[in-house]
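The values are calculated or read from the model by the stated rules, or taken from the named source; none is laboratory data. What you see is a predicted model; the values in this text were computed from it and never measured. Glycine gets a Cβ as well: all are built from the backbone with ideal geometry, and neighbour counts include every protein chain shown. These area figures cover heavy atoms from the full protein model, side chains too; ligands, DNA and RNA do not enter into them. Shrake-Rupley method; radii C 1.70, N 1.55, O 1.52, S 1.80 Å.
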Amino acid sequence: MDQPSGRSFMQVLCEKYSPENFPYRRGPGMGVHVPATPQGSPMKDRLNLPSVLVLNSCGITCAGDEKEIAAFCAHVSELDLSDNKLEDWHEVSKIVSNVPQLEFLNLSSNPLNLSVLERTCAGSFSGVRKLVLNNSKASWETVHTILQELPDLEELFLCLNDYETVSCPSICCHSLKLLHITDNNLQDWTEIRKLGVMFPSLDTLVLANNHLNAIEEPDDSLARLFPNLRSISLHKSGESWEDIDKLNSFPKLEEVRLLGIPLLQPYTTEERRKLVIARLPSVSKLNGSVVTDGEREDSERFFIRYYVDVPQEEVPFRYHELITKYGKLEPLAEVDLRPQSSAKVEVHFNDQVEEMSIRLDQTVAELKKQLKTLVQLPTSNMLLYYFDHEAPFGPEEMKYSSRALHSFGIRDGDKIYVESKTK
């Protein structure tokens with residue numbers, strides 16, 4: 001049988017991992033393996049292969065010599081064949097069937113939608129635990145065939161495949177724990193719920209950038225659909241606060257990612273985080289950041305104050321739950337933290353006492369000029385002392401002419417003493 005035109009897997013493997021291009025190196029996944037080669041092999045003693053092979057964007061269209069693949073790839077556990085020109089599942093099967101230890105396979109951005117995956121071919125994938133089919137336009141029929149033949153599949157990536165609907169197989173896949181199905185067009189909840197039926201053991205569901213309209217499902221039904229879901233990503237989805245409240249129906253949910261949600265755009269970054277945390281009492285991580293006990297309490301108190309003046313018919317149910325927990329809270333006092341710009345002080349000179357207002361942004365030298373007329377002394381002959389009426393210490397000499405008055409901490413009621421140097 002003629003080989004398809006183009007570069008073969010073995011041809012690219014020889015080129016990339018020859019000693020000239022891939023010298024010995026150490027590190028996780030990089031351990032060099034020098035296998036025994038078939039008698040008379042032209043590659044004998046030439047290839048140094050790690051257990052993780054990366055052959056992306058190499059123009060691969062076919063497998064090449066299967067005996068050579070078997071001889072050199074017996075130890076390989078991870079294989080990246082993304083962005084090649086593989087369009088025939090039979091060629092993929094020839095490669096994978098000769099890599100017996102394979103657990104991770106990336107076939108993203110290969111035109112595999114141009115052929116049909118038969119069960120006999122899919123059987124060669126049986127040991128794979130993590131499979132990436134992003135931008136492969138793999139049909140649901142192909143996905144079903146894979147699920148039937150991969151009994152230990154734990155992670156599946158189906159992003160950028162232009163899905164608008166989900167097709168359920170006749171048999172559930174109980175092994176799958178993680179599903180990435182981002183950047184498709186799954187806007188209707190009736191399609192998303194099928195994923196719960198297909199993957200009842202699902203732990204992590206990444207639905208980002210599908211523009212899901214709403215979660216239209218009774219609370220008890222949600223709990224049954226996704227009984228083991230621990231993490232969900234809903235970037236750019238959801239239309240109302242009710243959709244966020246629905247997440248409380250997932251009994252084991254701990255982590256949520258909600259970025260680019262149209263509903264949250266009018267709020268500040270701080271308001272978004274606090275309002276979401278307060279609505280999701282069981283979530284311990286939001287948008288990748290851990291929710292501490294202190295942050296949760298702050299958020300829940302903020303939530304109460306946020307809705308305190310809202311008409312009762314518009315107040316969310318969570319508000320009443322938090323009122324039971326904390327009671328009704330008074331609005332936080334508005335504290336002006338801006339530095340004081342002036343102060344009323346008593347100026348003491350000889351036996352005279354004069355109350356006057358001084359600017360605190362001026363320097364000691366400028367204050368002396370202001371006092372010159374009052375005390376009838378030239379600035380060069382003037383000594384100033386500042387006395388804080390609440391401090392336990394005595395007066396402080398204001399000896400540095402360029403020092404700003406605000407640095408003394410002058411407040412209303414404090415005293416300035418003026419003395420003559422020639423006294």
Query - Sites matching trypsin sites (Lys or Arg not before Pro) across region 310-393 that sit in DSSP coil, with at most 12 neighbouring C-beta atoms within 10 Å - result: K328
Query raised in the report: ³J(HN,Hα) across region 110-115 via Karplus (A = 6.51, B = -1.76, C = 1.60, θ = phi - 60°), whole Hz, x for Gly/Pro?
Result: 10, x, 6, 5, 7, 9
Report task. Express in Å², to the nearest 10, the accessible area of K246 obtained by rolling a 1.4 Å probe over the protein heavy atoms while all chains stay in place. Result -> 50 Å²
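Based on the Cβ-Cβ distance of V52 and S284, what FRET efficiency does E = 1/(1 + (r/R0)^6) give at R0 = 45 Å, to the nearest 0.05? Present the calculation step by step, with values, prior to reporting the outcome.
Values: r = 33 Å, r/R0 = 0.73.
My answer for the efficiency is 0.85.
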Query raised in the report: Ranked highest first by the average count of other Cβ atoms within 10 Å around their residues, in what order do 140-150, 292-302 fall?
Result: 140-150, 292-302
Query raised in the report: Using modelled amide H (1.01 Å from N, peptide plane; none on Pro or chain starts), what sits under 5 Å from the amide H of N161, excluding residues fewer than 5 places away?
Result: N135
**Report entry** Inter-label distance, nm, simple model (7 Å from Cα along the C-beta direction), T373/Q148
**Finding:** 10.1 nm
Query raised in the report: Hey, any idea what % of region 45-142's accessible area is carbon plus sulfur with a 1.4 Å probe?
Result: 45 percent
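Taking 0.36 nm per intervening residue step and subtracting the Cα-Cα distance, what contour gain separates E355 from D245 on full extension?
Details: separation 110, 0.36 × 110 = 39.60 nm, distance 6.11 nm.
So the chain would gain 33.5 nm between E355 and D245.
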**Report entry** Max mean-square fluctuation residue, GNM over the chain, Cα-Cα springs under 10 Å, options L247, L405, L186
**Finding:** L405
**Report entry** Long-range HN-HN contacts of M382 with modeled amide H, under 5 Å
**Finding:** K421
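Taking the inverse of the average 1/r across all pairs of different Cα atoms in region 340-418, what Kirkwood radius in Å do you get? Spell out each step's value before the answer.
On the way: mean 1/r = 0.0801 Å⁻¹.
By the Kirkwood definition, the hydrodynamic radius is 12.5 Å.
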Query - Per-pair calculated FRET efficiency, R0 = 45 Å: E118 and D219 via Cβ, rounded to 0.05 - result: 0.60
Query - For the chain, the Rg and Dmax computed from alpha carbons only, in angstrom - result: 36.2, 117
Report task. Extending each Cα 7 Å along its Cβ direction at R7 and K328, get the distance between those two points in nm, one decimal. Result -> 7.4 nm
Query - R257-N185 FRET efficiency (beta carbon distance; Förster radius 22 Å; 0.05 resolution) - result: 0.70
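For the chain, what is the accessible area per residue in Å², given a 1.4 Å probe and the full set of protein chains? Kindly include the intermediate steps, with their values, before the conclusion.
Details: 21950 Å² over 423 residues.
The answer is 52 Å² per residue.
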Query raised in the report: With charges only on Cβ, +1 for K and R and -1 for D and E, what is the dipole size of the chain about its Cα centre, in debye, rounded to 20?
Result: 1280 debye
Requested in this report: Select from region 372-423 those chymotrypsin sites (Phe, Trp or Tyr not before Pro) which occupy a DSSP coil region and have at most 13 other Cβ atoms within 10 Å, ordered by residue number.
Outcome: F393, Y400
Requested in this report: Go through region 76-87 residue by residue and turn each phi into a ³J(HN,Hα) via Karplus (6.51, -1.76, 1.60, θ = phi - 60°); whole Hz please, and just put x for glycine and proline.
Outcome: 5, 10, 9, 9, 10, 10, 5, 6, 10, 10, 6, 10
Query raised in the report: Taking all protein chains as present, what is the carbon and sulfur share of the accessible area of region 167-277, in % to the nearest whole number, probe 1.4 Å?
Result: 51 percent
Report task. Per residue of region 55-67, in order, report the coupling 6.51 cos²θ - 1.76 cosθ + 1.60 (Karplus, θ = phi - 60°) as ³J(HN,Hα) in whole Hz, putting x for Gly and Pro. Result -> 10, 7, 6, 10, x, 6, 10, 8, 7, x, 5, 5, 5
Query raised in the report: Taking a 1.4 Å probe, which of C173, C168 shows the most accessible area, and what order do the others take after it?
Result: C168, C173
Query raised in the report: Roughly how many percent of the accessible protein surface of region 340-418 is carbon and sulfur, given a 1.4 Å probe and a whole-percent answer?
Result: 47 percent
